[in-house]
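J.: Input: one structure, supplied below.
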Amino acid sequence: MRDGDHHGLQASETPVDGSNLRILIVHTRWNLPIVKALVEGAQKTMIEVNNVKPENIVVESVPGAYELPFAAHKLIEVSKVRAADGANDLMGSVNLLDGLNLNSPKPASTPAAGASPAASKSKKAFDAVICIGVLIKGSTMHFEYICEAVTQGIMRVGLDTGIPVVFGVLTCLTEEQALNRAGMDGKGHNHGEDWGTGAVEMALLNTRQF
Ligand code: RBF
């Protein structure tokens, strides 16, 4: 059973349809098995519940939680530039930013030799980002400093870029708590699922006409 069935996330009353959205997940490689479960929870929910197309979910990784805000900010800005380039590029020339990918030495978006420039056409900018990580308290003050910096940093990325950024960082006192919140102990609920739906909901809110 989900811990806190009575106070967990209530489903939205309006449809949360992400079929036209492009979502970025940035996750850490600290505590990777737990992080992976959270990432998979977010992906599964966005695809199966919110109709996000699998090819419209981009996943990147960073070393630790402290790096999440920088990476999210950078990738949002790059995606905006690429989208604008694509819209302005009437000649269909190769986009210089096509090769940018944090983790892949040879990204799939790099056009093969002789390929049509149209193959490198820019994609839509990200509509929302989910930052996923797991911080587990150790015996020094490091945990407190990183938690504070990451929380403020992720909030700032959303406000500064105008793109919603979901706070998918568990800040746990013990590994057991983290396993529970990732749904890995057979008792808890996978919070990644909530973050997936939350990202879609916030992306729709961000583009809604009031
Ligand atoms: N990063 C995490 O994502 N989760 C952690 O639990 C975590 N614990 C850390 C503990 C110590 C003592 C140190 C030095 C780093 C830790 N980091 C952790 C990594 C941190 O987020 C960042 O990647 C590094 O400090 C490099 O900027």
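J.: Against the definition (surrounded by fewer than 19 Cβ atoms within 10 Å (Cβ to Cβ) and in contact with a strand residue (DSSP E or B) (Cβ under 7 Å, 6 or more places away or on another chain)), how does residue 154 come out, yes or no?
T.: Numbers: surrounded by fewer than 19 Cβ atoms within 10 Å (Cβ to Cβ): no; in contact with a strand residue (DSSP E or B) (Cβ under 7 Å, 6 or more places away or on another chain): yes.
Criteria not met by residue 154.
J.: Please work out if residue 106 is away from the ligand (no atom under 16 Å from the Cβ), surrounded by fewer than 17 Cβ atoms within 10 Å (Cβ to Cβ) and either at pLDDT 50 or above or at positive phi (or both). Before you say what the answer is, go through the steps one by one.
T.: Working: away from the ligand (no atom under 16 Å from the Cβ): yes; surrounded by fewer than 17 Cβ atoms within 10 Å (Cβ to Cβ): yes; either at pLDDT 50 or above or at positive phi (or both): no.
In short, no.
J.: A further question follows. Filter region 139-155 for residues that are of a type in the set (Ser, Thr, Tyr) and assigned to a helix (DSSP H, G or I); which is nearest to the chain's Cα centre (by Cα)? It would help to see each step written out before you state the result.
T.: Taking region 139-155 first, the residues of a type in the set (Ser, Thr, Tyr) are 139-140, 145, 151.
Remaining after also requiring assigned to a helix (DSSP H, G or I): 145, 151.
Numbers: 145: 22, 151: 15 Å.
Among residues in region 139-155 that are of a type in the set (Ser, Thr, Tyr) and assigned to a helix (DSSP H, G or I), the one nearest to the chain's Cα centre (by Cα) is 151.
J.: Please go through (1) closer than 14 Å to residue 128 by Cα; (2) of a type in the set (Gly, Ala, Ser); (3) not in a helix (DSSP H, G or I) for residue 71 and return the number of the only condition it doesn't satisfy.
T.: (3)
J.: Output the residues belonging to region 38-58 that are of a type in the set (A, V, I, L, M, F, W, C), surrounded by 20 or more Cβ atoms within 10 Å (Cβ to Cβ) and away from the ligand (no atom under 16 Å from the Cβ). Can you show your working first?
T.: Kept after step one, since they are of a type in the set (A, V, I, L, M, F, W, C), are these residues of region 38-58: 38-39, 42, 46-47, 49, 52, 57-58.
From what is left, the residues that are surrounded by 20 or more Cβ atoms within 10 Å (Cβ to Cβ) are 38-39, 42, 46, 52, 57.
Selection gives 42, 46, 52, 57.
J.: Which one is surrounded by the most Cβ atoms within 10 Å (Cβ to Cβ) among residues in region 10-32 that are within 13 Å of the ligand (Cβ to nearest atom) and at negative phi? Give the steps one after another, and end with the answer.
T.: Initially, region 10-32 is screened for residues within 13 Å of the ligand (Cβ to nearest atom), giving 26-32.
Now narrow it down to the ones that are at negative phi: 26-30, 32.
Details: 26: 30, 27: 26, 28: 25, 29: 13, 30: 18, 32: 13.
Here the answer is 26.
J.: Then there's this: Out of the residues in region 59-68 that are assigned to a strand (DSSP E or B) and in contact with a helix residue (DSSP H, G or I) (Cβ under 8 Å, 6 or more places away or on another chain), state the one that is surrounded by the fewest Cβ atoms within 10 Å (Cβ to Cβ).
T.: Checked region 59-68; the qualifying residue surrounded by the fewest Cβ atoms within 10 Å (Cβ to Cβ) is 59.
Yes/no per residue for (1) closer than 20 Å to residue 197 by Cβ; (2) in contact (Cβ under 8 Å) with a residue 24 or more places away in the chain:
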{"residue": "19", "(1), (2)": "yes, yes"}
{"residue": "26", "(1), (2)": "yes, yes"}
{"residue": "29", "(1), (2)": "no, yes"}
{"residue": "45", "(1), (2)": "yes, yes"}
{"residue": "55", "(1), (2)": "yes, no"}
{"residue": "60", "(1), (2)": "no, yes"}
{"residue": "87", "(1), (2)": "no, yes"}
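J.: Can you tell me which condition residue 4 does not meet? The list is (1) modelled with pLDDT of 95 or more; (2) of a type outside the set (Lys, Arg); (3) on the phi > 0 side of the Ramachandran plot, and all the others hold.
T.: Unmet condition: (1).
J.: Being in a loop (DSSP other than H, G, I, E, B), at pLDDT 95 or above and not hydroxyl-bearing (Ser, Thr, Tyr): is that true of residue 185 here? Spell out how you get there, then give the answer.
T.: Details: in a loop (DSSP other than H, G, I, E, B): yes; at pLDDT 95 or above: yes; not hydroxyl-bearing (Ser, Thr, Tyr): yes.
In short, yes.
J.: Every residue in region 121-143 that is within 11 Å of the ligand (Cβ to nearest atom) and either among the aliphatic types (A, V, I, L, M) or over 17 Å from residue 28 (Cα atoms) (or both), please. Show your work before the answer.
T.: Looking only at region 121-143, we keep the residues that are within 11 Å of the ligand (Cβ to nearest atom), and these are 131-143.
Residues satisfying the conditions are 132, 134, 135, 136, 138, 139, 140, 141.
J.: Taking residue 148 as the residue in question, decide whether it is among the charged types (D, E, K, R) and within 15 Å of the ligand (Cβ to nearest atom).
T.: On the way: among the charged types (D, E, K, R): yes; within 15 Å of the ligand (Cβ to nearest atom): yes.
Yes.
The values are calculated or read from the model by the stated rules, or taken from the named source; none is laboratory data. Computed from a predicted model, the values in this text were never measured in an experiment. Reconstructed Cβ throughout: ideal geometry from the backbone, glycine too, with neighbour counts over all protein chains shown.
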